[in-house]
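Trainee: One structure, as structure tokens, below. Some questions next.
The values are calculated or read from the model by the stated rules, or taken from the named source; none is laboratory data. None of these values were measured; they are calculated from a predicted model. Heads up, the Cβs are rebuilt from the backbone with ideal geometry, glycines too, and the neighbour counts pull from every protein chain shown.
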Amino acid sequence: MSTELDVFVGNTTVLDEDVYQLWLDGHTVSDAVRIRMEAGALQECEANAEILHSDTMDQFRTFQMCERLLQSPSKVANQLLFQIPPHHQTMLIERYYEFDSVFAREVLGKKLSKGTKKDLDDISSKTGIALKCCRRQFDNFKHVFKVVEELKGPLVENIQRHFLLSDVLARDYAAIVFFANSRFETGKRKLQYLSFQDFAFCAGQLISYWTVGAVDNMMEDLNVDLEKEFLHDLKDLKVLVNDKDMLDQHKSLVCAQLRGKIKVFSEMEASFKNLSRALVNIASKLTHTKDFRDLFIDLVEKFVEPCRSDKWTIGDLRLFLKHYSSSVRMLEAFRHQVIWDRYMGVIQSCILKMYHD
Amino acid sequence: MECVPPCSDRPGFGEETPGVPLSSGPPTPLRAQTFSSFSPSKSYSRQSSSSDTELSLTPKTGMGSGGSAGKEAGPLKVFLRQQTQSALEQREYPFFTLTAFPPGFLLHVGGVVSARSVKLLDRIHNPALGNNTRSYKLLDWNSFTADEPETRDAWWEEIRQEIKSHAKALGCHAVVGYSESTSICEEVCILSASGTAAILSSRFMQDGPLDVEHRFEEVVSPGCGFCHIPYDELNIPFPAQLTYCYCCRRYKVPDVLFTTIDLPTEANVTGKGCLIQARLCRTKKKAQGEGNATAISNLLPFLEYELHTQLMNKLKLRGMNALFGLRIQISVGETMLLGLASATGVYLTALPSPGGIQITGKTPSDITYEQHISNMQKKINDTITKNKELYEINPPEVVEEIIGSPIPEPRQRSRLFRSHSESSDEVSELDLSHGKKDAFVLEIDDTDAVEDIHALLTDFSIPAGFYSCNTEIMPGIQNWTSAIQMFTSVRVFRLNTNLTNQGLNKIFSDLCENLLKSLYFKLRSMVPCCLCHLNFTVAIPEDELIQVAVTAVAMSFDKEQTLENGKQSGEKTLIKAITDEQLQFSLELNAETSSPNPLSSPKGLSDVGSHPSARASSVDYSSFADRCSSWIEQLKLKAHTIRRGSVKTTSSMEKASPLPEGRSRSLRSNRSYSGSSVAVVKMTPLSFIPGAKIIKYLGIINMFFIRETTSLREEGGVSGFLHTFIAEVFAMVRAHVAALGGNAVVSYSMKECVFMENPNKNQAQCLINVSGDAVIFVRESELELTSVQPQSATTQTSNGGEGT
């Protein structure tokens, strides 16, 4: 004796947000029923396990049928099959594209290809996120990447327009696309302490200030490539460390500003030249793809770690960077003020974001 | 799909016993003789076991009229009837398939009349089809021979005549809420018809142009009129307990009233109503041809009797005294018969309060048994008290003694017996004078009965915040919000073999109960809400399979105002409904295609209604213009405006315009918004949309879909397949309506859902037939907006119309 067939179809598609989340999380029907029971679903409406199972099955089936549409969200509003109220449409799309930052952190900077897809098993067991869920998130990344790759105009807006996502989520996706496109090294052990949000912030900074789109937003193709000319110009900054006078002058200017204001003054004074050299070297090497990909690891190894070992506080660091970057204006021989500001603006905020345990 | 599949040249089975239509109209043993041609010994043995008192009790519900066809009612009623006779006598069958009527139309309601007949469809001798009995059922639709439609007509003729005579026996001249249905399995076909005997107001029956407004004006309808008995109390066609009406105290009313129609809007109801279902499953031996037909015929009266018993018990258990929208479905399978009766129980203020249910045991000597009985009795009493609270049934107490009856009726007890009861003689010895009210006695004489009563009690109570009914609206709930959710749910259950009747019953009952529970759970976010027009359809698609399909609409309502608004807003809704109907034919179209006399259509069945909306809709649907999209309509209206001049047309524009300001604005804004071009189309099985006014009827939607898959597993199994299919059916209906310029479907129903599968071959097929009326509605709030400045609104409207 068994129920052979059991369906429920509403003219307005009936959606339960909690069940949707369970589905997104990649649970099986029986798992989902168990979780719902533990969450106290049986108290509602005199339900029993059978009803809960039937309801969960129905919902899962509905979501499965919707999935095809969710993969191109603009269709959700235009399809005829499901009559879904607008607020539910938004919810469906937003939740479908939401991802676990732990997962995103793992995939960040990797090529969104079949090869990576095979690693999902490992990622799944490492993060504790169901494989099904990992797949969905990975496919979303790949899908978004593919779509915006060929579009002109600002990245975030493109994502928003094509995937109808909220601003926050669109920015996160922009970061993922940016990392996947630039293939930054993020997997090194020394970078493990950085969260997805740290990287997403940095990506946002880079996109806003260093990319082609930042200058001219009507460029062809994906405008998240960094502006070549700018990277080339960065070589000119070398003068700051190569010119001995300029380096000394710079140092004394910064020291004069910071004296008595930071606790680690002596350490700062001792390591100034190393730190300055590190930052300028990073800048000058960005034209090389290899070095460019190592941007974050370089920042951590050559700047963040020395500071951390000297026990700089975040406040100290902020003050230092502020004066380090502004003092350059007082160097009369320095002629690359604009480039410097553009470079340091981004580097400064990235370092500050990355400076934690 | 009420057609009967063809049979060969041989006459139908029923015709071999001329003059004995195989009806089992009322579930009364009186009718048992009807079946004597099949199995005389059996039916007579049953009758012989019945005492006189027993006989006298069963039909008192007014369900069925007994076989006393043609018995004349008293002179008073004759006079009443004569008024309308002239109009109705023109009709071969004064049957109305409508279930709702304008107030005052129903003068009296007699009760449910029903007739059934088992017919044998002879097999087409086609060897290719001989092996696969299932496909033969579908395929031979194409192989009609010339004389077969006549044969089938004759079958229905018999049944309709019987219905007519039942109605007459109840002193009624018309049947309302009439419907016919068939259930086919192999060569056997059960034809069923049922309706509600009634006396109609002569005012509405006059020929000539329908002056609707005028007629409604003179209506003064007391809320109890229709409850008054139409038959002569001195010459009642069946024994019944009559009392003076609890409202007007002038006329007699029965103690229980069963009807197939919707609750009349003018009815006085105490408290809320609820869905009441009787479910029954009976096993049957596999048989062929005549033997099979005989077996089914023998089972039918018992089945109906039991269903009736269940309905009565459940009604009383809820402390109610009337059923509306009663629909009894009998499905026949190879090894079983399935009966499902659904109705909405209410407490009619005009009718007496129902007595309790009293249980008596067969073997009073046994102490533990007595204990058990008294426990159950207590449970039952508790349930009744609880239900009365739940459904807010607190009728004013009435002292019964002052009501004198011209016939000194003995203080009869209404008793209900198990059909298998063989020991009813003992009952009279028991002391039944328990309490002052007449109790309903349940005798427990076998384990079946214990189970049944147990089942009665374990019928789960409806979750808080929910109401349910199978009629259009629930009495006592008026202030609907605009949130409606129409849905279809289908379940197929596979049975084990070798089940006993009890086991089968329990499974079937649980299946329905669980389905209902599931619905409540699914729709819990809409609380407080009412599931309206719950329409169950059962089928036995294969041996050991039971299929139940439900279509209904969940409508939210505002709890706070429920009590205050009460009757008044009910009246308001009513008036609104009438104006809506007027609009349906107030357009110019009416003049173009005026049908001279609504009552003059040659064939009686589908056009029997002379009620304005029935005529108008038939006009509307056939009209070509109405198939055009709304903007064409707009152009037409504009043209009329130019031709005719301002004042009158302005008002007609207001009424008829498919796109008043509010809506056209919203349409435009929709379009500009991010490319969403899909218009929302509401669907409901009801005739109205809460909080909205239907401004235009665009015609009937009647669509058949057949879907087949050869990759069942890949599509998510049978559930996945059907889920997708039903969702697509909805989508296609919506798209169709949207294409006609409409924004809603009313009176939606899924008339057919035939599902077949062959999992081994990874295949499944499904046929679905849905129908409804495409309409344009406007929210009342928007309507008010436009009516504030009618002139400007009209201009803008036409502009808006052009724009679209």
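Trainee: Please find, within segment B:493-524, the residue that is surrounded by the fewest Cβ atoms within 10 Å (Cβ to Cβ) out of those that are within 12 Å of chain A (Cβ to nearest Cβ), among the hydroxyl-bearing types (Ser, Thr, Tyr) and in contact (Cβ under 8 Å) with a residue 40 or more places away in the chain.
Mentor: Initially, segment B:493-524 is screened for residues within 12 Å of chain A (Cβ to nearest Cβ), giving B:493-499, B:503-504, B:506-508, B:510-511, B:513-524.
Checking which are among the hydroxyl-bearing types (Ser, Thr, Tyr) leaves us with B:497, B:518, B:520.
Filter again for in contact (Cβ under 8 Å) with a residue 40 or more places away in the chain, leaving B:497, B:520.
Working: B:Thr497: 7, B:Tyr520: 25.
By that ranking, first place goes to B:Thr497.
Trainee: Would you confirm whether or not segment A:72-94 contains a residue that is of a type in the set (Asp, Glu), out of contact with any Ser or Thr (no Cβ under 7 Å at 6 or more places or on another chain) and surrounded by fewer than 21 Cβ atoms within 10 Å (Cβ to Cβ)? Before you say what the answer is, go through the steps one by one.
Mentor: Filtering segment A:72-94 for residues of a type in the set (Asp, Glu) gives A:94.
In the following step, the residues that additionally are out of contact with any Ser or Thr (no Cβ under 7 Å at 6 or more places or on another chain) were identified as none.
The answer is no; no qualifying residue exists.
Trainee: Same structure again: Within segment A:110-122, identify whether any single residue is of a type in the set (A, V, I, L, M, F, W, C), in contact (Cβ under 8 Å) with a residue 24 or more places away in the chain, part of a helix (DSSP H, G or I) and touching a helix residue (DSSP H, G or I) at 6+ places or on another chain (Cβ under 8 Å), and answer yes or no.
Mentor: Checked segment A:110-122: no residue is of a type in the set (A, V, I, L, M, F, W, C), in contact (Cβ under 8 Å) with a residue 24 or more places away in the chain, part of a helix (DSSP H, G or I) and touching a helix residue (DSSP H, G or I) at 6+ places or on another chain (Cβ under 8 Å).
Trainee: Let me ask something additional. Being at pLDDT 80 or above and either surrounded by 16 or more Cβ atoms within 10 Å (Cβ to Cβ) or basic (Lys, Arg) (or both) is true for just one of A:Val224, A:Val254. Which residue is that?
Mentor: A:Val254
Trainee: Has segment A:76-85 got at least one residue that is more than 20 Å from A:Ala130 (Cα to Cα), outside the structural domain of A:Ala170 (by the TED database), assigned to a helix (DSSP H, G or I) and without any contact (Cβ under 8 Å) to a residue 24 or more places away in the chain?
Mentor: no
Trainee: Do we find a residue being among the hydrophobic types (A, V, I, L, M, F, W, C), buried (at least 24 other Cβ atoms within 10 Å of the Cβ) and within 26 Å of B:Ile507 (Cβ to Cβ) anywhere in segment B:281-292? Break it down stepwise before answering.
Mentor: Going residue by residue through segment B:281-292, those that are among the hydrophobic types (A, V, I, L, M, F, W, C) are B:281, B:287.
Then keep just the ones that are buried (at least 24 other Cβ atoms within 10 Å of the Cβ); that gives B:281.
When the remaining residues are screened for being within 26 Å of B:Ile507 (Cβ to Cβ), the result is B:281.
Among the residues of segment B:281-292, at least one is among the hydrophobic types (A, V, I, L, M, F, W, C), buried (at least 24 other Cβ atoms within 10 Å of the Cβ) and within 26 Å of B:Ile507 (Cβ to Cβ), which makes the answer yes.
Trainee: With the requirement that a residue be acidic (Asp, Glu) and not in a loop (DSSP other than H, G, I, E, B), what does segment A:123-155 give you?
Mentor: Restricting attention to segment A:123-155, the residues satisfying the condition of being acidic (Asp, Glu) are A:139, A:149-150.
Across segment A:123-155, the qualifying residues are A:Asp139, A:Glu149.
Trainee: Let me ask something additional. What number goes with the only condition from (1) buried (at least 22 other Cβ atoms within 10 Å of the Cβ); (2) more than 21 Å from B:Val548 (Cα to Cα); (3) in contact with a Lys or Arg (Cβ under 8 Å, 6 or more places away or on another chain) that B:Leu323 does not pass?
Mentor: Of (1) buried (at least 22 other Cβ atoms within 10 Å of the Cβ); (2) more than 21 Å from B:Val548 (Cα to Cα); (3) in contact with a Lys or Arg (Cβ under 8 Å, 6 or more places away or on another chain), only one is false for B:Leu323: (3).
Trainee: Go through segment A:86-107 and give me each residue that's free of Cβ contacts under 8 Å to residues at least 60 places away in the same chain, farther than 21 Å from B:Ala735 by Cα and within 14 Å of another protein chain (Cβ to nearest Cβ).
Mentor: If the condition is that a residue be free of Cβ contacts under 8 Å to residues at least 60 places away in the same chain, farther than 21 Å from B:Ala735 by Cα and within 14 Å of another protein chain (Cβ to nearest Cβ), then A:His87 is the only one that fits.
Trainee: Would you call A:Lys290 modelled with pLDDT of 85 or more, out of contact with any His (no Cβ under 6 Å at 6 or more places or on another chain) and assigned to a helix (DSSP H, G or I)? Break it down stepwise before answering.
Mentor: On the way: modelled with pLDDT of 85 or more: no; out of contact with any His (no Cβ under 6 Å at 6 or more places or on another chain): yes; assigned to a helix (DSSP H, G or I): yes.
So A:Lys290 fails the test.
A quick yes/no check of all residues on (1) touching a strand residue (DSSP E or B) at 6+ places or on another chain (Cβ under 9 Å); (2) within 22 Å of B:Glu714 (Cβ to Cβ); (3) assigned to a helix (DSSP H, G or I); (4) assigned by the TED database to the domain that holds A:Gln79:
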{"residue": "A:Ala32", "(1), (2), (3), (4)": "no, no, yes, yes"}
{"residue": "A:Cys45", "(1), (2), (3), (4)": "yes, no, yes, yes"}
{"residue": "A:Ile51", "(1), (2), (3), (4)": "no, no, yes, yes"}
{"residue": "A:Phe60", "(1), (2), (3), (4)": "no, yes, yes, yes"}
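Trainee: Out of the residues in segment A:1-51 that are within 7 Å of chain B (Cβ to nearest Cβ) and touching a residue at least 12 places away in the same chain (Cβ under 8 Å), which is surrounded by the most Cβ atoms within 10 Å (Cβ to Cβ)? Can you show your working first?
Mentor: First pass over segment A:1-51, keeping only residues within 7 Å of chain B (Cβ to nearest Cβ): A:1-12, A:14, A:44-47, A:50-51.
Checking the rest, the ones that are also touching a residue at least 12 places away in the same chain (Cβ under 8 Å) come to A:3, A:6-8, A:11-12, A:14.
Numbers: A:Thr3: 17, A:Asp6: 24, A:Val7: 25, A:Phe8: 27, A:Asn11: 25, A:Thr12: 19, A:Val14: 21.
Residue satisfying both the conditions and the ranking: A:Phe8.
Conditions tested, residue by residue: (1) within 25 Å of A:Ala200 (Cβ to Cβ); (2) within 8 Å of chain B (Cβ to nearest Cβ); (3) at pLDDT 90 or above.
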{"position": "A:Thr56", "(1), (2), (3)": "no, no, yes"}
{"position": "A:Ser72", "(1), (2), (3)": "yes, no, no"}
{"position": "A:Asn78", "(1), (2), (3)": "no, yes, no"}
{"position": "A:Ile84", "(1), (2), (3)": "no, no, yes"}
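Trainee: Here's a follow-up. Of the residues B:Val490, B:Val527, which is touching a residue at least 60 places away in the same chain (Cβ under 8 Å), within 13 Å of another protein chain (Cβ to nearest Cβ), crowded, with 21+ Cβ neighbours inside 10 Å and under 26 Å from B:Phe324 (Cβ atoms)?
Mentor: Details: B:Val527 fails: crowded, with 21+ Cβ neighbours inside 10 Å.
Going through B:Val490, B:Val527 in turn, just one is touching a residue at least 60 places away in the same chain (Cβ under 8 Å), within 13 Å of another protein chain (Cβ to nearest Cβ), crowded, with 21+ Cβ neighbours inside 10 Å and under 26 Å from B:Phe324 (Cβ atoms): B:Val490.
Trainee: Among residues belonging to segment B:689-743 that are surrounded by fewer than 21 Cβ atoms within 10 Å (Cβ to Cβ) and of a type in the set (Phe, Trp, Tyr), point out the one that is farthest from the other protein chains (Cβ to nearest Cβ).
Mentor: Selected residue: B:Phe704.
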